[in-house]
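Trainee: Mind looking over this structure? Questions follow.
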Amino acid sequence: MQTNLKNHFITELEFSVTAPLEKDILSQIQDSARIDSDEDYVFFEFYDGHAAIGWLQKPDKKHSQSNINFIYRTQKGRKPKKELPKISQLIEILSTIDNVFDFECTATVSFPKKVKPKPIIQLPHKPLQLPDMPFDFIQGMHLTKVDGGKTKYEVFLDAPTPGEILENIVFTYSSRFVPNLACNITAEAINISERFVMLEQDRGKKYETKL
């Protein structure tokens, strides 16, 4: 199943983790991947207005660990003609690892004016007018949720132009490597996003979206 960012106004989704890799797993990745100039092992995905890249950085031989990164973006354009190794192949290989990992995730959400985004804190925000104030209004805010003394997620809200809201979400997602990993992380990003921004259409009806 391929994650749909466009339906939720997500322009980019990134997630990464550092994982130990056995020699047989690394060998399978090497055999399947495209190797770039940095000797990283690269995989791709192109579908219906989306483009994604997943890459495994050259492993740390001392600790047998490697940084594994994924970026999904919305884009216009045609699929490449050349057959490229797919992210699904990489996930399938990594799914043989039983460990649960903490993926560091970032989602960028851009709400257009047409859906009337309503953040829980009005932006731009005009503070009390005091003498000699060094600014006129607050255009953005950094909001943090803490659980058990640790940061659960952070949300950065900004109002770049009138009627539009830009939301950047930073969070951790715990999971094994599973086929629907990108979909699951997208769902978590949406869950957090909906706590901070409500969407309405021009007629005032709640804007409904689906994965």
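Trainee: So which pairs qualify, if the first residue must be in region 13-30 and at pLDDT 90 or above, the second must be among the aromatic types (Phe, Trp, Tyr) and in a helix (DSSP H, G or I), the Cβ gap must be under 8 Å, and the two must be at least 6 apart or on different chains?
Mentor: none
Trainee: Okay, next question. For ILE71, state whether it is part of a loop (DSSP other than H, G, I, E, B) and surrounded by fewer than 16 Cβ atoms within 10 Å (Cβ to Cβ).
Mentor: No, not satisfied.
Trainee: Go through region 54-65 and count every residue that is touching an Asp or Glu at 6+ places or on another chain (Cβ under 8 Å) and either crowded, with 16+ Cβ neighbours inside 10 Å or under 26 Å from LEU5 (Cα atoms) (or both).
Mentor: Qualifying residue count for the region: 4.
Trainee: Right, something else. List pairs: first in region 134-149 and of a type in the set (Val, Ile, Thr), second not in a strand (DSSP E or B), Cβ under 8 Å, 6+ apart or cross-chain?
Mentor: ILE138/LEU123; ILE138/PRO124; ILE138/LYS126; ILE138/PRO127
Trainee: Give the residue that is surrounded by the fewest Cβ atoms within 10 Å (Cβ to Cβ), with candidates limited to residues of region 135-190 that are modelled with pLDDT under 95 and of a type in the set (Phe, Trp, Tyr).
Mentor: By that ranking, first place goes to PHE135.
Trainee: Here is a check on your reading of the model: is ASP24 over 30 Å from MET198 (Cα atoms) and in a loop (DSSP other than H, G, I, E, B)?
Mentor: no
Trainee: What are the pairs with Cβ atoms under 6 angstrom where one residue, in region 98-117, is touching a residue at least 24 places away in the same chain (Cβ under 8 Å) and the other, located anywhere, is aromatic (Phe, Trp, Tyr) and assigned to a strand (DSSP E or B)? Sequence gap at least six, or different chains.
Mentor: PHE103/PHE15; PHE103/TYR173; CYS105/PHE15; CYS105/PHE171; CYS105/TYR173; PRO117/PHE111
Trainee: I'd like to check something: does region 21-44 contain any residue that is closer than 27 Å to ASN191 by Cβ, basic (Lys, Arg) and surrounded by 13 or more Cβ atoms within 10 Å (Cβ to Cβ)?
Mentor: No.
Trainee: Does at least one position in region 76-87 carry a residue that is in contact (Cβ under 8 Å) with a residue 12 or more places away in the chain, under 19 Å from ILE192 (Cβ atoms) and within 19 Å of the chain's Cα centre (by Cα)?
Mentor: no
Trainee: Here is a further query. When residues of region 150-182 are filtered for being closer than 30 Å to THR96 by Cα, outside any helix (DSSP H, G or I) and touching a residue at least 60 places away in the same chain (Cβ under 8 Å), how many remain?
Mentor: 12
Trainee: Which ones in region 77-130 are among the aliphatic types (A, V, I, L, M), in a loop (DSSP other than H, G, I, E, B) and surrounded by 14 or more Cβ atoms within 10 Å (Cβ to Cβ)?
Mentor: If the condition is that a residue be among the aliphatic types (A, V, I, L, M), in a loop (DSSP other than H, G, I, E, B) and surrounded by 14 or more Cβ atoms within 10 Å (Cβ to Cβ), then LEU84, ILE97, LEU123 are the ones that fit.
Trainee: Is region 34-46 home to any residue that is farther than 26 Å from PRO112 by Cα, basic (Lys, Arg) and out of contact with any strand residue (DSSP E or B) (no Cβ under 7 Å at 6 or more places or on another chain)?
Mentor: no
Trainee: Tell me which residues, restricted to region 37-54, are closer than 11 Å to TYR72 by Cβ, among the aliphatic types (A, V, I, L, M) and in contact (Cβ under 8 Å) with a residue 40 or more places away in the chain.
Mentor: ALA52 - this is the single residue of region 37-54 that is closer than 11 Å to TYR72 by Cβ, among the aliphatic types (A, V, I, L, M) and in contact (Cβ under 8 Å) with a residue 40 or more places away in the chain.
Trainee: For SER66, are the conditions met, namely being more than 28 Å from ILE25 (Cβ to Cβ) and in a strand (DSSP E or B)?
Mentor: No: the conditions fail for SER66.
The values are calculated or read from the model by the stated rules, or taken from the named source; none is laboratory data. Please read these numbers as outputs of a predicted model, since none were measured by experiment. Reconstructed Cβ throughout: ideal geometry from the backbone, glycine too, with neighbour counts over all protein chains shown.
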